[in-house]
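Nothing in this text is a laboratory measurement; each read-out follows from the coordinates by a stated rule. All values derive from a computational prediction rather than experimental measurement. Cβ: placed from backbone, ideal geometry, glycine included. Neighbour counts: every protein chain shown.
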């Protein structure tokens with residue numbers, strides 16, 4: 001009875017172990033490995049698909065972010081334009097109001113000047129009439145006689161010219 005490696009009893013046991021392992025490997029390879037391989041492929045495909053979807057979602061998110069940024073910039077620009085227009089319009093209204101106020105002020109001043117001129121002319125007419133009457137009375141008393149019309153006009157003109165000279169001198173001296 002040999003105790004070596006080539007012992008027949010041991011050799012047949014080794015042979016049957018190898019055959020059993022080969023059959024086991026064949027069965028594993030034939031029936032167990034394909035479903036595991038398919039599961040791994042499916043899992044790999046689902047992971048790749050999830051990565052692709054994540055990349056796609058990320059790209060869409062970036063596009064949306066850029067679009068939102070662009071909309072915000074457009075809104076800011078529009079707000080700036082509206083603000084500038086409102087400022088410009090306010091400036092125009094202020095200038096219009098100033099212009100209208102100046103025009104109204106000029107009209108009031110012009111009316112006042114015209115009124116002053118009318119009052120001055122009226123006062124001068126009244127003063128002329130009073131002076132003419134006083135001159136005629138004084139002349140008649142001094143001369144002791146009536147004055148004819150031409151003489152009357154000449155005396156009145158002289159007196160009024162002197163009066164106007166005095167009034168003008170007093171007005172300029174203020």
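To keep it simple, each residue is scored yes or no on (1) farther than 29 Å from residue 165 by Cβ; (2) within 28 Å of the chain's Cα centre (by Cα); (3) in a helix (DSSP H, G or I).
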site: 72; (1), (2), (3): yes, yes, yes
site: 85; (1), (2), (3): yes, yes, yes
site: 90; (1), (2), (3): yes, yes, yes
site: 99; (1), (2), (3): yes, yes, yes
site: 103; (1), (2), (3): yes, no, yes
site: 111; (1), (2), (3): yes, no, yes
site: 115; (1), (2), (3): no, no, yes
site: 119; (1), (2), (3): no, no, yes
site: 142; (1), (2), (3): no, no, yes
Meets criteria (within 30 Å of residue 156 (Cα to Cα), surrounded by 10 or more Cβ atoms within 10 Å (Cβ to Cβ) and out of contact with any strand residue (DSSP E or B) (no Cβ under 6 Å at 6 or more places or on another chain)) for residue 137: yes
